[in-house]
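Got a structure for you, written out below as structure tokens; questions coming shortly.
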Amino acid sequence: MVANSDAFGRIGSCIMVYLDYNATTPLDPRVLEGMAPVLTDVFGNPASLQHIHGREAAELVEGARDRVSHAVGARRQEVIFTSGATEAAALGIIGAVLGRAHGRPNVVVAATEHKAVLAAAELAARLCQGVVRTVPVDSCGRLDFEFLDAAVDDSVAVVAIMAANNETGVLTDPVEVAERIRASGAWFFCDSTQSFGKAALDLTDSGIDMLAVSSHKIYGPKGTGALVATRQVRKALVPLAAGGGQEGGLRGGTVDVPAVHGFGLAAELAAKEQAADAVRAGGLVDRLLSGLRSSVSPVLVNSGGAPRLANTVNLRFPGADADAVMARSPGLAVSTGSACQASVPAPSHVLSAMGLDRRGAEESLRVSLGRFSTEADIGRAVAELSLAVSDVRRTAGWEGTDGA
Ligand SMILES: Cc1ncc(COP(=O)(O)O)c(C=O)c1O
């Protein structure tokens, strides 16, 4: 976080408008308030149950397990705390493929999965002499269900399909995926890192075998998250960090008690406030779009009419390179792709999978709003982006014809 800024990106007297909530969220002050006494007063090791310090810490971890499981509609024993969704994907995908590799060495993923999932799938298949089968998406980012049907058979250990895409917000119904793959016996890993807290989520009777969630996308602390896995999966999972038997023997290492406690509080708030947050965010995104369209048309939405998260919009400004637009918008924090990819000088694999050429991808910006976004933020974003886009188009000598 920028030095001297507060939780919402206000830096001194200069207000920076933060519209990159899909990269990470600020800590909710209510979560901070709950975590503070734990940071100062509870130092016991939750595995040291012989004395009060350990028991006190263990109680907090189990309280967080209750809160997280309740927020996603799971059983408490199904929650395995990890360092975040990347580790949850590694444990869920690699651990499951290793655990059931005999006759099932293959993995199926969507082309638009997060790199955390794609890399875990590649490694799992490599370790077990299997292959990764990649399901394409259409130009709006919607999964090709017929391809999925053909790709999943009894040689597949895990199918990894995300509930919501981090770059476009495009939603895929996990229940439909689960129904379509059920007969194959493959396990369904659903990356819900972006949908948790932004769209309704309930594991009850969903057919999802494994779910990945992350604390820092829901206004909790960074460095914590969970893999939520059914009993059948937990019995087969091979732990990637074996150790002192923590987390049911599936994730060794001393649990970060204050962080996990904060995650639990954030999860409770996410479940409670999800519907209201989505309505607010949707209204603000509509304002942003209409404001931009009335000043710098054409403005394209890369996901077209596909259903998407209310808080997320991936915009293309034909004729305006997105890096140049961002350079001319110093008061705005937006992004050109996922945070982990921002240092990689290649076009977004998500937009490429949707058929955008390099130029189209380079003209695209992700705007993602959150709980603390305001109408004033949107007014400021429209003003800054409009000036920046007009300036970049003018400098590039754009004639206003392509891409529209
Ligand atoms: C869809 C998705 N999956 C996984 C991750 C990785 O999450 P974490 O930072 O908790 O490892 C992210 C983070 O950007 C994400 O957006």
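What does the accessible area of residue 390 come to, in Å² to the nearest 10, when a probe of 1.4 Å is used?
Here the residue's solvent-accessible area equals roughly 40 Å².
A further question on this structure: At 20 °C and 1.002 mPa s, what whole-number value in µm²/s does Stokes-Einstein give for the translational diffusion of the chain, with Rh from the Kirkwood sum over Cα pairs?
It diffuses with D of about 98 µm²/s by this estimate.
What part of the accessible area of the chain, given as a whole %, is carbon or sulfur when the probe is 1.4 angstrom?
Its accessible area is 55 percent carbon and sulfur atoms.
Could you tell me the calculated FRET efficiency between residue 40 and residue 290, based on Cβ-Cβ distance and R0 = 45 angstrom, to the nearest 0.05? Mind showing how you got there, number by number?
Numbers: r = 47 Å, r/R0 = 1.05.
About 0.40, to the nearest 0.05.
Can you give the accessible area of residue 395 in Å² (nearest 10), computed on protein heavy atoms with a 1.4 Å probe?
100 Å²
In what order, largest first, do 209, 202, 391 sit by accessible area if the probe radius is 1.4 Å?
Ranking 209, 202, 391 by accessible area, largest first, yields 202, 391, 209.
Arranged from highest to lowest average of other beta-carbon atoms within 10 Å per residue, in what order do the peptides 75-87, 175-187 appear?
Numbers: 75-87: 21.6, 175-187: 17.5.
Final packing ranking: 75-87, 175-187.
Oh, and also: For the stretch 100-216, report the translational diffusion coefficient in µm²/s to the nearest whole number, using Stokes-Einstein at 25 °C, 0.890 mPa s, and a Kirkwood Rh over Cα pairs.
173 µm²/s
Please check: in the Gaussian network model of the chain (C-alpha springs, under 10 Å), which one of 168, 312, 204 has the largest mean-square fluctuation.
Of the options given, 204 has the highest mean-square fluctuation.
Let me ask another. Given Cα positions, please report Rg to Rh for the stretch 217-256, the hydrodynamic radius being the Kirkwood one.
1.02
In square angstrom, what is the accessible area per residue of the stretch 268-404 with a 1.4 angstrom probe?
Averaged over the residues of the stretch 268-404, the accessible area is 42 Å².
Now for a separate question. Please report, for the Cα atoms of the stretch 159-226, the Rg to one decimal and the Dmax as a whole number; what are they, in angstrom?
12.2, 39
How high is the FRET efficiency from residue 375 to residue 202, r the C-beta distance, R0 41 Å, rounded to 0.05?
0.85
Residues of the stretch 64-104 with amide nitrogen under 14 Å from the 7 Å Cα-to-Cβ point of residue 231?
Once the point is set 7 Å along Cα→Cβ of residue 231, 75-79 turn out to lie under 14 Å by backbone N, inside the stretch 64-104.
Note the full-extension length gain between residue 131 and residue 395 as 0.36 nm times their separation in residues minus their Cα-Cα distance, in nm to one decimal.
Result: 90.4 nm gained on full extension.
How big is the stretch 195-307 in terms of Cα radius of gyration and Dmax, in angstroms?
My reading of the Cα-based Rg and Dmax gives 19.1, 60 Å.
Just to check I understand the Karplus step: with θ = phi - 60° and J = 6.51 cos²θ - 1.76 cosθ + 1.60, what whole-Hz values come out for the stretch 324-331, glycine and proline as x?
Coupling constants for the stretch 324-331: 5, 5, 5, 5, 8, 10, x, x Hz.
What is the calculated FRET efficiency for residue 275 to residue 50, with r their C-beta to C-beta distance and R₀ = 41 Å, to the nearest 0.05?
Numbers: r = 44 Å, r/R0 = 1.08.
With R0 = 41 Å, the Cβ-Cβ based efficiency is 0.40.
At a 10 angstrom cut-off on C-beta neighbours, averaged per residue, how do the peptides 63-73, 212-222 rank from highest to lowest? Walk me through the numbers on the way to the answer.
Values: 63-73: 21.4, 212-222: 27.5.
Ranked from most to least packed, the peptides come out as 212-222, 63-73.
With a point put 7 Å past each Cα toward its Cβ, work out how far residue 327 is from residue 33 in nm, to one decimal.
4.4 nm
Give me the one-decimal Kirkwood hydrodynamic radius in Å for the stretch 66-162, with the sum taken over alpha-carbon pairs.
Values: mean 1/r = 0.0705 Å⁻¹.
Taking every pair of different Cα atoms in the stretch 66-162, averaging 1/r and inverting gives 14.2 Å.
Using per-residue counts of other Cβ atoms within 10 Å, averaged over each peptide, order 258-268, 30-40, 294-304 from highest down.
258-268, 294-304, 30-40
At 7 Å along Cα-to-Cβ for each site, give me the label-to-label distance between residue 70 and residue 240 in nm.
3.0 nm
Is it possible to state the helix-based mean residue ellipticity at 222 nm for the chain, with each DSSP H run of 4+ residues giving -39500 (n - 2.57), the sum divided by total residues, to the nearest 500 deg cm²/dmol? What is it? If you can, show how the numbers build up before the last one.
Details: 13 runs with 156 residues, N = 404.
Helix contribution divided over all residues of the chain: -12000 deg cm²/dmol.
The values are calculated or read from the model by the stated rules, or taken from the named source; none is laboratory data. Keep in mind that this is a model prediction, so the values were computed, not measured. Heads up, the Cβs are rebuilt from the backbone with ideal geometry, glycines too, and the neighbour counts pull from every protein chain shown. These accessible areas exclude ligands, DNA and RNA; they are computed on the full protein's heavy atoms, side chains included. Shrake-Rupley method; radii C 1.70, N 1.55, O 1.52, S 1.80 Å.
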